[in-house]
Each structure stands twice: as structure tokens, then as C-alpha cells.
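Notes follow once the structure below has been shown.
The values are calculated or read from the model by the stated rules, or taken from the named source; none is laboratory data. These numbers come from a predicted model, not from an experiment. Note: ideal-geometry Cβ built from the backbone for every residue, glycine included; neighbour counts use all protein chains shown. These area figures cover heavy atoms from the full protein model, side chains too; ligands, DNA and RNA do not enter into them. Shrake-Rupley method; radii C 1.70, N 1.55, O 1.52, S 1.80 Å.
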Amino acid sequence: MSFTRRTILQGAAAAALLAATSMPAFAAEIGGIKFPDTVTVAGQELTLNGAGVRTKLVFKVYALGFYLKDKKATVAEVLASPGPRRIRIMPMRDLTSDDFGMAFMKGLNDNVSAEERTKLLPQTKAFGEMFAQFPGLKKGDELIVDWTPNAGSQAWLNGKKVGETLPDVAFFNAIMRIWIGDKPVDAALKPKLLATADGK
């Protein structure tokens, strides 16, 4: 092989490697939806703790992933995770805001005690009002709820802020418990959100 040809091939290989390493790494593809291995929230890198599909009867409703500073294997560890956190929801079918909001609130109420519900009522009401700000979620939309210690919980729909910032970490934990609480909305999804070796 001539020097020129070898140099060209080596250069092409290096360029291909550089291109591959500069692309975002995807840790999971759930129902055709990609979840990046890491995201940045409030200047900190978070890792995909787990992801899966919420199903109802035989229908795929949305794909969902949890991002934490470090991988956590138990519900208690997830809820105590320090620093920023992210919940990413990707609808797999069109959903009205009423249907999604009602399901959201039912999941929250099923996993929060009466005493906690009373304490979190103002934030729960404010979060529920968020759903009135858009007609629904369409397949391909991206709904994100971030928690940051210096601000609180903030929802984003397709990159645009929706609703107000809610300050209490207990409220964000209540949201997470919709999927990993004692009565999760989808029992098959819960273990997929925890960072265990075999998903069980």
C-alpha cells in the first residue's frame, strides 16, 4: 500500500472515530425512542438511571426515563438522590391534557398519604393547572420535569417552560412515586426505572 493511500485511509478512520465520539451516546432505545446516556441539568451531568414504556391494556402510552447524578437501585435511594434530577416523558400516542392530567393526579394520589397530600396541596394544584396551558400531548412531543436544589420543580414541553416553579423536593418525590411508589401506575415499568443489573 502506498504512503499516500495509507495516509488517506488512516485519516478517514480517524475522522470516522472523531465523528462517532462527538455524537451523543444513547444508552437506550425504548419503542423507537432514544434516551441519551447523559443529560445536563443546572450545569451538572446526569446519568440515565432507567427507562421503559408505560402501557395501558395493550396500548403503549409513553416512554419514560429517570436521570440522576448517580445510578440508584432502590426506591429509597432514588428519592434521596442529591442534586438535580430529570423525568423525561415521550408520548407514543396522542393524549388530551385532561386524560394525561387526570392519570397524573390519580397516580400521585395513589402513592401519597393523606397527610402528605394536605401538605403538598398548593403545589399539586399549581402543577395540575399546568395541564390547562396546552390542549394535549402529541406523539413525538417531549415533556420534561426537572428538579434543581436552588429552584425547585419545573416542567418543560418541547423546550418551553410550562407552569410555575414549585419549591418542595417532597413534591418532586411525589411525582417520581407515580411510577416507583407502592402503587405504581404500571407495575411492569417500575423495575425498569431502577438501576439493577437485570431489571428485576
**Q.** Computed lengthening from Ala187 to Glu45, 0.36 nm per intervening residue step minus Cα-Cα distance
**A.** 48.3 nm
Q: Please give the solvent-accessible surface of Trp156 in Å², to the nearest 10, using a probe radius of 1.4 Å with every protein chain present.
A: 80
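On a 1.4 Å probe surface of the protein chains, which of Met102, Met92 comes out largest in accessible area, and what is the full order?
On the way: Met102 135, Met92 30 Å².
Correct descending sequence by accessible area is Met102, Met92.
Hand me the GluC sites (Glu not before Pro) from segment 123-185 located in a DSSP loop with no more than 15 other Cβ atoms within 10 Å, in residue order please. Walk me through the intermediate numbers first.
Values: sites: Glu129, Glu142, Glu164; in loops: Glu142.
Taking segment 123-185 and a limit of 15 other Cβ atoms within 10 Å, the loop GluC sites (Glu not before Pro) found are Glu142.
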Q: Express the relative contact order of segment 41-142 as a whole percentage, based on alpha carbon pairs under 8 Å and six or more residues apart in sequence.
A: 26
